[in-house]
1. Given B:HIS161, B:LEU223, B:TRP33, which one lies farthest toward the positive end of the charge dipole of chain B, if we put +1 on the Cβ of every Lys and Arg and -1 on the Cβ of every Asp and Glu?
2. Just check segment B:74-186 against the gyration tensor rule for me: Cα atoms, a ≥ b ≥ c as the square roots of the eigenvalues, rounded for a/c under 1.5, and otherwise prolate or oblate depending on whether a/b exceeds b/c.
3. Per DSSP H run of n ≥ 4, the term is -39500 (n - 2.57); total these for chain A, divide by its residue number, and report the mean residue ellipticity at 222 nm rounded to 500 deg cm²/dmol.
4. Where does helix B:161-185 land angle-wise versus the long Cα axis of chain B, in degrees 0 to 90, nearest 10?
5. What does the charge count around A:LEU162 come to, taking other residues whose C-beta lies under 13 Å from its C-beta (Lys +1, Arg +1, Asp -1, Glu -1)?
6. Calculate how steeply helix A:224-234 sits against the longest principal axis of the alpha-carbon atoms of chain A, using the helix alpha-carbon long axis, and give the answer as 0 to 90 degrees to the nearest 10.
7. Modelling each spin label as a point 7 Å along the Cα-to-Cβ direction, I'd like the A:ILE72/B:ASP59 distance in nm, to one decimal.
8. What does DSSP give for segment A:97-240 in terms of the percent of beta bridges that are antiparallel, rounded to the nearest 5?
Amino acid sequence: MSKVTAFAGVDVGSLGTKTVIMAEGEIIGSAIIRTGINTEENGWNGLNAALENAGLTRDDLAYVVATGYGRISAPYANKTVTEITCHAKGAHYIHPQTKTIIDMGGQDCKAIRLDDDGNVADFAMNDKCAAGTGRFLEVMANVFKVSLDELGPLSLSATEVLPVSSTCTVFAESETVSLLARGEKPENIIVGIHHAISKRVGGMFSRVGVQNDVFFSGGVAKNVGMRKALEEALQIKIVEPRKDPQLAGAIGAAVIAESAWKRGR
Amino acid sequence: MTLQSVELIRKRVAERPAELAEARTNGQKVVGWQGYNLPEELIYALGLIPVRIGAGGDDRLVEIGARYISTKNCVYVRETVGLFAENKDPIVQNTDFLAFDATCLQTYRTAEILEYYFNKEVVVLGVPRNFYWPEAQVYFTKEVEHFTGRLEELSGARLDHDKLAETIELYNRIRGAIVEIYEYQAERERLISWEETYDIIHAGYVLDRKEYLRMLEGTLRELQEAQGRPAPEEEDEARIFISGSVIPPGDKKLIHIINAVGGRIVGDDLWSGLIPYLDVHIGENTVEGVALAYINRTPHGALPYLELETDKRIKRLKELVKNYKAHGVIYHTLRYCDPYSFKAKETKDVLAAEGIPLLEIHTEYSGSDYEAIRTRIEAFVEMLKIRNFETLRN
Ligand code: SF4
């Protein structure tokens with residue numbers, strides 16, 4: 001059997017480490033693991049899990065690109081690239097007509113506008129407050145005693161949108177507790193939370209100018225309720241991704257790995 | 001490799017406080033000044049020693065300053081107040097009195113605070129909001145005349161016409177030399193970096209002005225001699241222009257980050273950088289001539305836009321970006337620096353129309369946002385490099 005020339009993209013985020021293995025432009029393996037405290041170890045673990053998924057070993061890897069906040073501690077990588085550039089490449093790979101990316105990750109959220117070639121034309125980032133991040137939603141899920149994955153489907157069964165005014169994690173948590181104590185239905189509060197976040201991040205997205213097609217990436221993109229709230233708040237239609245949107249950064253990193261290897265750098 | 005003349009300039013800056021102390025024991029007076037529209041020539045021509053004060057990048061001093069000035073003031077003025085409150089800075093310690101202008105109301109407020117809490121004698125120069133009206137020119141001329149009168153009172157000297165003419169000549173030559181050095185730092189040969197040029201500018205805040213001119217001319221000679229050195233590969237270069245709020249001596253965060261992620265700074269229009277030295281055309285060697293020349297320079301960001309399309313500051317920014325062949329602009333805004341923060345979006349839009357990308361970095365002097373800023377700047381540098389690569393390929 002001829003040897004596979006494979007490329008890896010490792011996206012070490014604050015909550016999850018996402019890894020993608022590619023060969024000849026196709027995704028042949030991937031893994032999403034929970035990020036632990038040792039940044040470097042997360043990268044290695046993610047890489048090993050994705051290689052196992054692809055049925056390959058480290059010897060098959062020609063080039064590795066690390067991204068995400070953990071990229072600063074990635075001795076396994078040949079190159080590091082920011083998550084902004086990687087998300088752009090990843091979204092373009094998944095949906096080539098993408099012009100705007102809304103990325104909601106574990107600890108920040110970004111709006112990225114792309115040119116026709118899938119390169120970054122402009123971006124804005126919010127990492128000063130937790131609004132619009134996986135961490136915020138995780139805290140909220142705890143209040144409702146449900147898993148993060150259940151938040152989105154629950155919100156779709158809401159009968160009304162209860163206004164939640166705070167997007168500060170601490171205040172939103174106490175506001176939610178008060179609403180529950182008042183006897184409000186959890187699903188109505190959850191949809192209110194999604195709407196509050198959409199409004200909060202809407203200003204940032206309009207600063208880069210939202211253009212169609214809009215791609216929603218990052219772990220929060222799996223939340224159908226958040227997606228619906230964003231569509232309503234920003235008056236946009238978000239494309240249906242043909243790949244897991246949480247993998248977008250890692251896919252972009254793998255795409256960059258392949259082209260860097262071909263360019264000999 | 002650092003030029004010998006640059007090393008000498010740095011050495012002389014370190015030796016300067018002792019010289020100022022000695023000059024004061026010999027009866028000379030040192031004037032600490034701050035403000036964009038304050039004509040330093042007038043201080044010098046009166047036989048006073050001008051030193052431009054203000055520093056950045058020290059969160060500890062910002063905290064000390066905030067005991068006297070509101071935390072809603074920008075970190076730069078808070079640190080300036082901190083310098084006086086702590087009173088350990090050897091330049092600040094050696095000032096006899098102060099001169100501030102009211103271009104930015106926050107520096108004006110600093111002057112009030114320094115008078116109120118630290119009993120400093122501060123001469124304040126009023127500045128009109130709209131520079132383009134004839135009435136504003138009359139007002140500013142009167143203000144500069146009044147300012148000169150106050151300096152005369154405090155120094156006990158009278159402004160002498162010949163001394164003013166000689167001073168204007170000296171300052172014109174300083175400005176000319178700085179502009180020439182700026183051209184060199186943007187060249188491919190990299191005989192001198194922007195960072196070194198920036199240090200040279202800051203050296204001029206404290207050094208004796210005649211010696212400073214000699215040193216600038218020495219740097220220019222060294223640069224001329226070094227010409228012809230092979231230029232480094234141009235591939236993979238992201239040439240960055242810096243605009244926005246002041247980046248005073250000591251504030252290295254943004255500069256370090258740009259360098260760390262592979263960007264190359266090739267120009268600026270900062271108040272603490274090149275812009276005060278540009279477009280100073282003094283017609284008559286009189287106080288009025290100096291006042292009119294200052295009012296006709298590129299205005300500071302604290303002064304309102306009148307018409308976005310014809311605004312001199314935006315126009316000059318576009319020209320400088322092109323002159324230094326920058327690929328993009330990093331627009332630096334300090335927290336609570338309203339003059340520059342408020343104008344970020346429109347500056348971005350105007351430049352975008354010319355195909356010049358702009359990244360706004362909003363920061364202060366603490367190090368807590370270092371990684372967040374690094375990610376943004378790194379992504380911006382990646383974006384510029386990819387653009388350049390695509391342009392070269394097509
Ligand atoms: S222009 Fe901005 S940085 Fe400069 S003094 Fe005014 S508020 Fe502070």
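Readers should treat all values here as calculations from the given coordinates under stated rules, not as data from a laboratory. This one's a predicted model, so the numbers in the text were calculated from it and none came from an experiment. Cβ: placed from backbone, ideal geometry, glycine included. Neighbour counts: every protein chain shown.
1. B:TRP33
2. The shape class here is rounded.
3. -13500 deg cm²/dmol
4. Helix B:161-185 sits at roughly 20 degrees to that axis.
5. For residues surrounding A:LEU162, the net value is -2.
6. 80 degrees
7. 1.3 nm
8. Taking every DSSP beta bridge with both residues in segment A:97-240, the antiparallel ones total about 70 percent.
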